[in-house]
Amino acid sequence: MIEVERLEKSYGFARALKGISFSVQKGEVVGFLGPNGAGKSTTMKILTGYLLPSGGQAAVGGFDVVEDSLEVRRRIGYLPESTPLYGDMRVDDYLMFCAEIRGVPRGRRKGAIQRAIDLCGLERVTGKDIVELSKGYRQRVGLAQAIVHEPPVLILDEPTAGLDPNQIVEVRKLIARLGAEYTVVLSTHILQEVEKSCSRVIIVNQGEIVADGSQEELIKSLPAGGLIACVRGPEAQVLSQCGELLPGCPVTVLERGANAVVYRLQVGSGSAPVEEAFARLVVKNGWDLLELKRERPTLEDVFRSLTLQAQLEAMHA
Amino acid sequence: MRETLVVFRRELKSYFLSPIAYVFGILFLVVVLYFASLSSLVQGSQASMQPFFGLLPIVFLIFLPALTMRLWAEERKLGTIELLMTFPVRSSQLVLGKFTAALAYLAFVLVLTLGLPLTLGAYGRIDWPPVVGAYTASLLFAGSFVAVGMFWSSVTRDQIIAMLLSFGSLIVLYALGYPVLIELLAGWLPAVVVDLLNGISPYKYFESIARGIIDTRDVVYFACFCGFFLYANALVLRVRRLKG
């Protein structure tokens, strides 16, 4: 549905995008994740035809964003960052304007608007002026505007920025509902957002894609975490035995309980399955194993390891 | 065409949704009618619309930059330009929609001044065809100012700067249509240049048509003048897409 190849964008001397490539299949919900200023918004502005790229190519539904800009714009629903709206218009008038200018045929406009109102939960405010609405409702109007013409592709730039926690939950639910029908690309610098709503994550940093895959894939790509074991048995013996028989896995004590100790074994990515070896050790020594589990790295760890590292390198360079 | 019409309707509606339309309209009417009636309605004077139409250039010069300054600058400030420019609509259609809406609003305000010729007609004889012609000419004239003002509004996101720029350029155009200055310039510059400078001033053309005689050449002039600035306006939008 979306094909991006070596896309570049410069503002004056600043290079906002340094040749990024990715593609999005029909029906995917892709999260664009990155620190502020990474190039998320720039990518979205190019995909929606608001900005022209400085180099490379991008196509939506097979249409080039430069050559067939109007065709691309017909296939897209867009919620720009900070949700600009015409405050002086009423919600229903505004949606009617959007439906008209988006070319929804006259006979289908009423139905299309009603559908957008229902999906976004706007029944209570349809007759109000947009200026009077709360931030949460404004955001919903922005989303309704983006879907009123039933575009195959939805592009949402920071859809939950500036909302309170309840509103964020609401908007996320809405996005999840929309994700069932549309191909969605959303940008955010909030990790939970991606964890909750997206089937795939693209992490951008300083104008480059640093990771692209499902959440599981990205998490797997991190060096495996540690092994956490809660053992009842003499602490000194556990430590010495582990040091002798599992030399590749340095042990540390995480927590001392009343009758058990929690240990953490650092596991290298290449080492053999440590769980079994450790279990055998426990049985051989007659200790009690109360708990044994792998540390699960989160998307946050992936994000931090990828973006912080680059930032540090940039600072030292 | 359909897209232009949708933009036109929203724009025209926005004049009446905001206080601008009313404040501007009322102020305009008060100023124009007050000064025009001073000279038109005094006893013994002829029933003439000349003072009214003679006043319009200077009133437009003062009022129109304030009306047009928001046309693009406000969209950029609010960010709504990002919506407009990502609708499946050409930049030229956006420009044309906004321009025609401003003209329609000004036509509405001019229609409100019809009270003056109607009053004059009641007390004396009034020759209607030239009056209708002069009204049409005034609208063309206003259109050329709107095109200039709208262009400057697309250049900056600051409405005050847009207003000052259009005010300044309208004054320059005014001066170029002023015979005294043209004579002065004739002493310094080659005749061709002076003719050219004089030729681009809308004021030069307004005078003849304000008498109610509409010459096709004048109409062509106004169409070209507006066309030039509207084209430049669409060009600015295109450059914006490129530069970000």
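The values are calculated or read from the model by the stated rules, or taken from the named source; none is laboratory data. Computed from a predicted model, the values in this text were never measured in an experiment. In this analysis, Cβ positions are derived from the backbone assuming ideal geometry, glycine residues included, and neighbour counts consider all displayed protein chains.
The figures follow:
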item: Considering residues of the stretch B:58-76 that are among the charged types (D, E, K, R) and closer than 30 Å to B:L29 by Cα only, the residue farthest from the other protein chains (Cβ to nearest Cβ); result: B:R70
item: Qualifying residue in the stretch B:1-18 (condition: more than 14 Å from chain A (Cβ to nearest Cβ), among the aromatic types (F, W, Y) and within 23 Å of the chain's Cα centre (by Cα)); result: no
item: Which listed residue is of a type in the set (A, V, I, L, M, F, W, C), closer than 27 Å to B:G212 by Cα, assigned to a helix (DSSP H, G or I) and at pLDDT below 95, from B:L140, B:L71; result: B:L140
item: Unique match (being within 11 Å of another protein chain (Cβ to nearest Cβ), part of a helix (DSSP H, G or I) and more than 30 Å from A:D64 (Cβ to Cβ)) among A:V141, A:V131; result: A:V131
item: Subset of the stretch A:248-268 [exposed (fewer than 12 other Cβ atoms within 10 Å of the Cβ) and closer than 12 Å to A:E235 by Cα]; result: A:T252, A:E255, A:R256, A:G257, A:N259
item: Test for A:G121: is it within 24 Å of B:V89 (Cβ to Cβ), surrounded by fewer than 20 Cβ atoms within 10 Å (Cβ to Cβ), away from every other protein chain (no Cβ under 11 Å) and out of contact with any Ser or Thr (no Cβ under 7 Å at 6 or more places or on another chain); result: no
item: Verdict on B:E82 being out of contact with any Asp or Glu (no Cβ under 8 Å at 6 or more places or on another chain), part of a helix (DSSP H, G or I) and free of Cβ contacts under 8 Å to residues at least 24 places away in the same chain; result: yes
item: Pairs where the first residue, in the stretch A:162-181, is on the phi < 0 side of the Ramachandran plot and the second is aliphatic (A, V, I, L, M) and surrounded by 14 or more Cβ atoms within 10 Å (Cβ to Cβ), C-beta under 6 Å, 6+ apart; result: A:G179/A:V29
item: Restricting the stretch B:19-56 to residues that are touching a Ser or Thr at 6+ places or on another chain (Cβ under 8 Å) and modelled with pLDDT of 80 or more, the residue that is nearest to the other protein chains (Cβ to nearest Cβ); result: B:L29
item: Listing of strands (runs of 3 or more DSSP E) fully contained in the stretch A:1-116 that carry 1 or more residues being closer than 27 Å to B:L94 by Cβ, touching a residue at least 24 places away in the same chain (Cβ under 8 Å) and away from every other protein chain (no Cβ under 14 Å); result: A:2-11, A:55-60
item: Residue satisfying all of: in the stretch A:180-198; at pLDDT below 85 and small (G, A, S); nearest to the chain's Cα centre (by Cα) among these; result: A:S197
item: Count of residues meeting criterion [assigned to a helix (DSSP H, G or I) and over 25 Å from A:P297 (Cβ atoms)] in the stretch A:244-280; result: 3
item: Qualifying residue in the stretch B:169-191 (condition: of a type in the set (A, V, I, L, M) and either outside any helix (DSSP H, G or I) or under 27 Å from B:G244 (Cα atoms) (or both)); result: yes
